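What follows is a single structure, written as structure tokens, with notes after it.
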Amino acid sequence: MNEIEQILGVGILVLLLFADLLTIVARSGLRNASLTRLLQEQDQNKAAKAINILNLSPRPYAGLHLVQALARLLLIVGTGLLLFRAYVPGNYWTGMGLFLLLGFGLALLEWFAERRAYHNPEVWLIKLASFIRVANWLLTPLISLTLALSGDTRETAEAHGKVTEDELITLVDASEQNGVIEEREREMIRSVVRLGETLAREIMVPRIDTIALDVDVSLTDAVDMLLSTGFSRVPVYQGSVDHIIGLLYAKDLIKLWRNGEHAAQTLRNVQLREPYFVPEAKKVDELLREMQGNRTHMAIVVDEYGGVAGVVTLEDIVEEIFGEIQDEYDENEERPYQILEDGSYLFRGRIDLDDFNELMSARLPVDEADTLGGFLYMRFGHVPGIGEQWQEDNVLLTVADVSDRRIRKVRAQIAPQSSTEPEDAANQ
């Protein structure tokens, strides 16, 4: 073998090695790239090409398999021919040793290339998008034949078919930023995703705010209560609220009223509906499915001791997704917060801590309490008086209203410095 043939042969082998390494990097990028992270790339034109390749799955993956198989086959054969023509019969074992050494070096290079691509799959997928498309176009007949014979599309389809909740939220946020969906739509989707993480106790009407009727109440008083509140169903208890025996539906009362059977009668004469009890830790998405299956609009939430903790209605779950729904009976219902003239906020004490953190861009810990009032109770360690303050995470909280040992209103404003000590307003 003359010198020119050797140089030409080595050059071809280098090109084949380069093609092999490219397919390894491209396959790693195709396998590990995240659609959500691609949508966050600054150059959306290039990212769009990479996303189109993901949407063609599994054809690009099969094309890369074929390119790699051909490159490796030619690389092995070419290397063997080049070495054995150069060293056989002069030095057989030297040629064999070099062949094995090159094989080990090739495996090491492939491992290194795959590891590099694994840490930045989106970057490499964008860079090699054109290479993948060209390979896919050139090998279209072979790809179609391979897929038809194997029928196995799992490797790529499964990799991109499983989207975590965090990735879905990131995808929704990116879609809103790019103008694909409206902000309101984004919030609705995020709320639906979070249902699986939300517990019944986080959205329930607490026991202290629950309106329930004693079973010995007269029908006239029951009707007056339903008319004044606008409720269509209320829990009925015997002895104490912890002993819920049924649910009173307004339409059942109407039937008795129409038949003139209301005189001197109590709720004992009404056919009550079976109550549906759920634990505080019930996931809201599971609760929604069960309420749909049981065709009930109200669930009684019980604590770990079996006592009534509150109630959850279908409307509460719907409002968790779509936000507050006001009807003609909600005209006097207090809003969760108000913006004051000085730019500060006046919150209800029972506002959810997650909602408070989102509105104030704060990071108050949500693992200690569910509501803003509960958080302040944990911090103060006593029933606070009006004007007492707590500053945390650059948010200054001032107790604005306390009634029956409950924190009703809290004023919140951004503070210049954070502190962990409660302060009395009188000392400010």
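Brief remarks on what is shown
- Which numbered condition residue 346 misses (of (1) under 25 Å from the mean Cα position of the chain (by Cα); (2) at pLDDT 90 or above): (1)
- Region 353-372, subset small (Gly, Ala, Ser) and surrounded by 16 or more Cβ atoms within 10 Å (Cβ to Cβ), residue farthest from residue 413 (Cα to Cα): 369
- Annotation: residue 220 fulfils all but one of (1) in contact with a His (Cβ under 8 Å, 6 or more places away or on another chain); (2) in a loop (DSSP other than H, G, I, E, B); the unmet one is (2).
- Of the helices (runs of 4 or more DSSP H) that lie entirely inside region 272-389, those containing 3 or more residues that are in the same structural domain as residue 256 (by TED's automatic domain parsing) and of a type in the set (D, E, K, R) span 284-294, 314-322.
- Residue under evaluation residue 269, criteria (1) free of Cβ contacts under 8 Å to residues at least 12 places away in the same chain; (2) more than 29 Å from residue 369 (Cβ to Cβ), criterion not met: (1)
- Within region 360-373, the residues that satisfy the criterion of being within 18 Å of residue 399 (Cα to Cα) and of a type outside the set (Ser, Thr, Tyr) are 360, 362, 364, 369, 370, 372, 373.
- In region 409-422, the residues that are at pLDDT 85 or above reach residues that are in a strand (DSSP E or B) and of a type in the set (Asp, Glu) with C-beta atoms within less than 9 angstrom, at least six apart or across chains, in these pairs: 409/401; 410/401.
The values are calculated or read from the model by the stated rules, or taken from the named source; none is laboratory data. Bear in mind the structure is a predicted one, so any value in this text is a computation, not a measurement. Please note: Cβ atoms are built from the backbone with ideal geometry, for glycine as well, and neighbour counts cover all protein chains shown.
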